[in-house]
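The values are calculated or read from the model by the stated rules, or taken from the named source; none is laboratory data. The shown structure was predicted, so the numbers you read here are calculated from the model rather than taken from an experiment. Backbone-built Cβ (ideal geometry, glycine too); neighbour counts: all protein chains shown.
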Amino acid sequence: MEPIVIKGGNRLTGRLRVQGSKNATLPLLAAALLIDGVTTLTNCPDITDVSGMLKLLSQFGCRIVRCQHTVTIDARNVYYCEPDAGIAGAMRASSLLLAVSLARFHQAALPMPGGCTIGKRPLDGHMEALRQMGAHITAGERNVFAEASCLAGCVLEPMLQSVGITEQLILAAVCAKGVTTIKKCAREPEIFSLCQFLQAAGADILYLDDEIMICGGATLHDVCFEVPGDRIIAASYLCMGLSVGCDMTLYGIETNQLTWILSYAKKMQCHLEIEQEHVHIRADKQIEHIPYLETAVYPGFPTDLQSVVCAMLATADGTSVVVETIFENRLQAAKELGKFGADVRVDEENRSVTIVGRKHLNGAVVAAKELRGGVALILAGLRAEGETTVYGCEYIVRGHESIVEDLRSLGAQIAWMR
């Protein structure tokens, strides 16, 4: 894929609608296979991960119509299949088809899922919980096979407070016999979106903070649902604005999901106007350092924002320490920041990054190794003096449908190299 070329130094100004959420859309698409009817998703992002999931659904016999940001999935005449290994193996979200295929067809066969190179992310927790619901599962190095004549509700407490495991169990429980209680579940907004979607389709779900109760077996019917705005993209654009200076408005998002970055902006005494679905920010000061920050499950500092914040802090006033507690291989972008002249010290054993802020960065030629890290390199390029070229953009388009066009509309000098 062509690289992105950036000439840094421009302030971000204007209004921008934030695209639909990647992390919310993918489990909704998997859930559509459970519905013996038609699912319509609006505000659906046009990204490669969504295209990949739609291809997998079509292999199960779903009829799919896509018109701009509206996707219609007709799952009335589906049939069992083993999804294409090339597509399913390239994306983490394909793992959700394990529970869905078990629930709809009583069997499943999936390649081990891939995704960004940020860590192992094994399926052990998924499989163990599904076994407790009555599934028989065998796993090899490359594939997972499962069967269940009937999934049974039970009380589950996953070994990890994982978004993926929680989504997997919700999808299994809505079609299981009896009541399922998921204790100590993940609380990310995308979990709540999945529950809202299934409730709108007729599922009996009670969501109580870190516990979900599902009375399985309800008939799921046609549903129309709007995908929420992408909170990680919104926060990333806010980080960019704080770094280079801005006078911009982001809308189409739930601002109560942006607590961390808005709290940081308030500490910097930026001008903020916050409403339920939009935020206006004006920032002109140098970034303030953060003495210590570590990633955590929601509502803590999100791992998906870690790389971007490291890039932002590269020009902070002071020394910052950022610790990654979720994924063991998510410090790749921090290493690339050194090419901009940033003073960044990576301790892989302790998964920490020490950043001594500098006022100036220089343009560089860098390569993205994963989605969020690619966005971090774009932020550094916007802040740097001179020209930056970012390779590895195939990772970036997995989650961003128009990052170049978005930033150009806000005044950045950024383009695809043709």
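Things worth noting here:
- Taken as a whole, the structure leaves GLY61 outside the set of residues that are among the small types (Gly, Ala, Ser) and surrounded by fewer than 15 Cβ atoms within 10 Å (Cβ to Cβ).
- Breaking point among (1) surrounded by fewer than 19 Cβ atoms within 10 Å (Cβ to Cβ); (2) polar (S, T, N, Q); (3) at pLDDT below 95, for THR303: (1)
- For the range 204-232, the set of residues classified as part of a helix (DSSP H, G or I) and out of contact with any Lys or Arg (no Cβ under 8 Å at 6 or more places or on another chain) consists of ARG231 only.
- Condition check for PRO113: within 21 Å of the chain's Cα centre (by Cα), under 21 Å from PRO299 (Cα atoms), outside any strand (DSSP E or B) and outside the structural domain of TYR298 (by TED's automatic domain parsing): no
- Inside the range 13-40, residues that are more than 23 Å from ARG63 (Cβ to Cβ) and assigned to a strand (DSSP E or B) make up a count of 5.
Table: residues versus (1) among the small types (Gly, Ala, Ser); (2) modelled with pLDDT under 95; (3) within 24 Å of GLY178 (Cα to Cα).
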site	(1), (2), (3)
MET112	no, yes, no
LYS120	no, yes, no
MET127	no, yes, yes
GLY134	yes, no, yes
ALA152	yes, no, yes
GLU157	no, yes, yes
GLN161	no, yes, yes
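- Exactly one residue among ALA367, ALA333, ALA314 is modelled with pLDDT of 95 or more, out of contact with any Asp or Glu (no Cβ under 6 Å at 6 or more places or on another chain) and under 29 Å from MET91 (Cβ atoms), and that residue is ALA367.
- Tally of residues being closer than 17 Å to ILE233 by Cα and in contact with a strand residue (DSSP E or B) (Cβ under 7 Å, 6 or more places away or on another chain) across the range 297-316: 4
- Lone qualifier among ARG66, ARG11 - being touching a strand residue (DSSP E or B) at 6+ places or on another chain (Cβ under 9 Å) and touching a residue at least 40 places away in the same chain (Cβ under 8 Å): ARG11
- Neighbours by Cβ (under 9 Å, 6+ apart or cross-chain): first from the range 175-189, modelled with pLDDT under 95 and among the small types (Gly, Ala, Ser); second surrounded by 23 or more Cβ atoms within 10 Å (Cβ to Cβ) and not in a strand (DSSP E or B): ALA186/ILE165; ALA186/THR166; ALA186/GLU167
- Filter result (under 24 Å from ILE253 (Cα atoms), surrounded by fewer than 18 Cβ atoms within 10 Å (Cβ to Cβ) and in contact with a helix residue (DSSP H, G or I) (Cβ under 9 Å, 6 or more places away or on another chain)) within the range 283-297: ALA296
- Checked against the criterion of being touching a Ser or Thr at 6+ places or on another chain (Cβ under 8 Å), among the charged types (D, E, K, R) and assigned to a loop (DSSP other than H, G, I, E, B), the candidates ARG345, ARG330 yield just one match: ARG330.
- Filter result for THR42 (surrounded by fewer than 17 Cβ atoms within 10 Å (Cβ to Cβ), in contact (Cβ under 8 Å) with a residue 12 or more places away in the chain and not aromatic (Phe, Trp, Tyr)): yes
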